[in-house]
Ligand SMILES: [Zn+2]
């Protein structure tokens, strides 16, 4: 018996070594990216499995090798660009599914670089080795065939007794995660139509008119604006000349604030509804956005957006937009995003009137690719030499957009508010938001309010802000309080922020800076 095993082994030397080489190369990238010891152990077990499989089935071996190599490309991309913790693939695939085409295009152009090409090349190379292996190598295993099958079954039983690798361990959980995105998408549709019904039947009492001073309220929601790149927050370059000049009027209030999350699709709903960092889904579902609150107080509401509308019911943001009396989405074709000037064109077409109106303006702001967000002729750096200069140009351009909005409404009783959905990590090498673990820069957003009417409530919250920074999770309350349609101030000083999706909560104060 011992002799025949030895004989089988020496007869199949090359077959054994070649198969083992392919297995090691296949698991290698994920060994490098593995975020913890348990996962490394799991990968080691996977490697042992891979070494035993070709002893009894070449087909099964090929399936495993191809599958793991393809998943290496996806997992490697996340690990290289965003930081890899297990099970954060689902929200990223979700974003990819829910994004308009121009965003996906710009994402690919911006975030796929030589490292992804190298990894893809490596995976294709391993699959090429597999092809050679299948074509040219045969074995004469007889006893090993049975031993191989036996070990394979034993390990598989052992592993599935302790854990469920299909549900819990990448890369084998990747197909389940993709399927769960499809399920989630259906669930989201269902949830949003439920929300629509809820919002329709909601009854909001009319507030007293005593503190309602404004005819025009403009809420400008910027995109990916890191306040540390705004001169009004102390940045060394003059990126916000308009806001800085406006500050001299003493009618501009500059607040310290953090965004509740680092993802657009959660932050805008948290800002505008009763959802907050600790309770997202249920509160979002069972609350109207402040658009409905304003309508109940006789304001005409507008949602004017330069971001994509994915569908009436399949995005958390367009669900709120549909609460407005009038909606306008500039990027309906999804193929390319225009600069935020399209919003001015739309505003300028509206007839001046004496009605009470609230405008929610959703900018493309500083969404990457930054170079597509501004007009070159009106840029701070005419020939931006690097990504930071391009980013600063986008911040500068948003300041110009704010100036134009201000000019349009400055003679009315005006409340103008500027925030951003989240911040942005930015340095010469890398940029973006939605990292895990996240960085401070992803939450450091502007929060400024201009009022040309004397409003004691503004002075009061400005004093309150000196105690710390506001978490914009309760922005909905602040807006209603300042505009006088509610008496609940309800400021949030919470340090807790969400990263990528509702299950990841971090303490902002304990996060690192990106640079
Ligand atoms: Zn965003």
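Brief remarks follow.
- Pairs with Cβ under 6 Å, 6+ apart, first in region 350-369 and more than 16 Å from the ligand (Cβ to nearest atom), second not in a loop (DSSP other than H, G, I, E, B): 355/300; 357/216; 357/300; 358/217; 358/294; 358/301; 359/218; 359/302
- Going through (1) more than 15 Å from the ligand (Cβ to nearest atom); (2) more than 15 Å from residue 259 (Cα to Cα); (3) within 30 Å of the chain's Cα centre (by Cα) one by one, residue 410 falls short only on (3).
- All positions within region 133-162 that are exposed (fewer than 13 other Cβ atoms within 10 Å of the Cβ) and outside any helix (DSSP H, G or I): 138, 140, 142
- Residues of region 461-515 that are part of a loop (DSSP other than H, G, I, E, B) and within 30 Å of residue 429 (Cβ to Cβ): 469, 495, 500, 511, 512, 513, 514, 515.
- Residues satisfying the stated conditions in region 362-386, i.e. surrounded by 24 or more Cβ atoms within 10 Å (Cβ to Cβ) and within 20 Å of the chain's Cα centre (by Cα): 362, 363, 364, 365, 366, 368, 370, 373
- Among (1) away from the ligand (no atom under 16 Å from the Cβ); (2) crowded, with 16+ Cβ neighbours inside 10 Å; (3) not in a loop (DSSP other than H, G, I, E, B), the one test that residue 441 misses: (1)
- Selection status of residue 463, touching a residue at least 60 places away in the same chain (Cβ under 8 Å), more than 16 Å from the ligand (Cβ to nearest atom), surrounded by fewer than 20 Cβ atoms within 10 Å (Cβ to Cβ) and farther than 30 Å from residue 81 by Cα: no
- Residues of region 413-438 satisfying the condition of being within 16 Å of the ligand (Cβ to nearest atom) and either farther than 18 Å from residue 81 by Cβ or crowded, with 24+ Cβ neighbours inside 10 Å (or both): 418, 419, 420, 421, 422, 423, 424, 426, 433, 438
- Being at pLDDT 80 or above and under 27 Å from residue 308 (Cβ atoms) is a property that residue 108 has.
- Condition met for residue 51 (surrounded by 15 or more Cβ atoms within 10 Å (Cβ to Cβ) and farther than 30 Å from residue 114 by Cα): yes
The values are calculated or read from the model by the stated rules, or taken from the named source; none is laboratory data. Bear in mind the structure is a predicted one, so any value in this text is a computation, not a measurement. Note that each Cβ is placed from the backbone with ideal geometry, even for glycine, and that neighbours are counted across all protein chains shown.
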